[in-house]
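FYI, it's all coordinate maths here, none of it is from the lab. Not measured: the values here are computed from a predicted model. So basically every Cβ, Gly included, is an ideal-geometry build from the backbone, and we count neighbours across all protein chains shown.
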Amino acid sequence: MLSIKVPPLGESIVEATVSRWLKKEGDVVAAGDTLVDLETDKITVEVPALKPGVLTKRAKAEGEVVHVDDVLGELDETAVPATVGASAATASTPASAPASPPPATTQPPTSRASSPPPSAPPSETTKSSPAARRIAEERGIDIAAVAGTGRGGVVSKPDVLAASTQRPSGTQQPRGNGVTPGERETREKMTTRRKRIAENLLQSQHQTAHLTTFNEVDMSAINALREKYKEKVEKEHGVKLTFMPFFVRATVAALKQFPMVNAQIDGDSIIYKHYVNMGIAVASDQGLVVPNIKDADRKGTIDLSREIAEIAKRARDGKLTMDDLTGGTFTITNGGVFGSLVSTPIINYPQVGILGLHKTQDRPVAVNGEVKIRPMMYIALSYDHRIVDGQQAVLFLVRVKELITDPASMLIE
C-alpha cells in the first residue's frame, strides 16, 4: 500500500487546505493523474499519483487543514496489473471500440480493479478552476454545461455564479453549508489563502509607517502610442499592447532614481536591491495574488507585455509556482480594471512601496491656459515612511508621471 502524502509546499509554507478530491475511493488511476488539490495561501498544489493503482482511502476530507508529510490517502499499487498501468486512460475510449481485457491470469481474483474503470465525470474533463468546481458542486450545477470565459475556455468562479443566476426561478439551488435560498445569513469558513491574506495585510499595517501620496497623469500620449502600434505588435509578436508595461518601465526608471523605494528593512539595516522584481497584483478566483516579473529592469516593452500576460493567465488558471510569488521588490496594483477612481493600496510587506493605478476617465484640465478634455488617471504611491521620506515619495511619483506623459523619454532612460 502506497501512502499519498502532502508534498513540500514551498518557501515558508507549512500548511494547506484540502480544496477538492478529484478521485473517489475505488477509482483506478494512472501514474501522473491528479488525486487531490491543496490550497495554500499562495498557490494551488496538485497532488498526483506517483504510480498506477486504485485509490483505497481518502484520509483527509475537503476543507481539512494539512501539513507537509501528512498522509492524505492510500493507493493500492498491486490492484492494477503492470500490463494495464495506463488503464485509466481507457476510460475515455469510445464505447464502440472497447479496450481488450487483460489476460485472466494477470487479474487478482478479488481486486476492485477487475471491473472497468469509471469514466471521468464532466467536472474532471472540463477545463475549470478549483473554485469553479467547488461552487458548481455546492449549487448542483453541471460544470460541463457552463461556458468558460477564461483564456482557453477555462471555466472560472464568475462563470459558475453567472450560470447559477440564470437558472429558472422555480429551480431549487443548493448552497454552501447546506443553506437553502431564503436564509438571511450564512456562515463559511475562511480558506487558508484568505486567512493568510488577512494576516499579511494586518502585518503590513502594523509593522510599517504607512502613508500614501497621489498625483494624476494625462494618458493621451500613451493612448496614442498604443493605438499606433498595437496591431503591429500583436501581429508580429503575438501579444496585446496594454498600458501596464509602460507603467512598469516608468516605475523601473523611477526606482533607479530613488532606490530607497525599492529597498527593504531588516532589523536596524536597510537592504538596497540593485535589481527590480516587479510584482503585478492579480485578482483570481482564489483571492489576490502578486506574482512578480524577475529582473524587470532588464526587459523591454514587448518582453514585459508577454510576461505580464503569461503570469496573469497562470494566476487565473491557478498555475502559479512558488518562484512566481517570491522575491518581489516592488508592486503595482491596478484597481482601475474594476472601475476604481482612487484608492490607498496597502504595501506588500516586507516591500516598502506599492504603486496604485486607477480608471482612466475623461476630465476637463487646463492646458496652456485653455480648458481641454483629456483622459486622466489618478496614481497613488503607498510607502513605508520609516525609510522613504515624503519628498522622495512625491518626487518618485512625479517621475512616473513625467515618463508616462512623455513616453518617448523612456527611450533614453
Cα gyration tensor shape for the stretch 319-413, rounded if a/c is under 1.5, else prolate or oblate: prolate
Phi to ³J(HN,Hα) by Karplus 6.51 cos²θ - 1.76 cosθ + 1.60 over the stretch 52-68, Hz, x for Gly, Pro: x, x, 10, 6, 9, 8, 10, 7, 10, 8, 4, x, 6, 8, 10, 10, 4
Mean Cβ count within 10 Å, highest first, over the residues of peptides 367-380, 311-324: 311-324, 367-380
For V388, distant residues with modelled amide H under 5 Å away: none
Interchain or long-range residues, amide H under 5 Å from D33's placed H: A49
Gap separating the Cα centres of the stretch 295-344 and the stretch 20-53, nearest whole Å: 28 Å
Virtual spin-label span in nm between Q203 and F338, 7 Å along Cα→Cβ: 2.2 nm
Computed label-point distance, nm, for sites K195 and M1 using a 7 Å Cα→Cβ extension: 2.9 nm
Placed amide H near N334: partners under 5 Å, 5+ positions off or other chain: A281, L357
Relative contact order for the stretch 1-53, counting Cα pairs under 8 Å that sit 6 or more residues apart, in percent: 34 percent
Entries in K189/K294; K228/K294; K24/K195 that, when Cα-Cα distance is taken, lie over 32 Å: K189/K294
For the stretch 236-248, Karplus couplings with θ = phi - 60° (6.51, -1.76, 1.60), whole Hz, Gly/Pro x: 8, 10, x, 10, 8, 8, 8, 7, 4, x, 5, 5, 4
Debye, to nearest 20: dipole size of the stretch 246-306, +1 on Lys, Arg Cβ, -1 on Asp, Glu Cβ: 300 debye
By average C-beta atoms within 10 angstrom, highest first, the peptides 38-44, 228-234, 22-28: 38-44, 22-28, 228-234
Ordering of 348-357, 381-390, 188-197 by burial proxy (mean other Cβ atoms within 10 Å per residue, highest first): 348-357, 381-390, 188-197
Cross-link table K57/K319; K232/K273; K319/K401, entries beyond 31 Å C-alpha to C-alpha: K232/K273; K319/K401
Separation in nanometres of the label points that stand 7 Å from Cα toward Cβ, at R187 and A144: 3.7 nm
Cα gyration tensor, the stretch 1-78 - rounded (a/c under 1.5), prolate or oblate: prolate
Value of relative contact order over the stretch 190-335, rounded to a whole percent, pairs C-alpha under 8 Å and six or more apart: 23 percent
Among Q257, V276, L241 - extreme Cα towards positive end, dipole of the stretch 221-319, charges at beta-carbon: L241
Phi-based couplings in Hz for the stretch 22-29 (Karplus 6.51, -1.76, 1.60; Gly and Pro marked x): 9, 10, 9, 4, x, 6, 7, 10
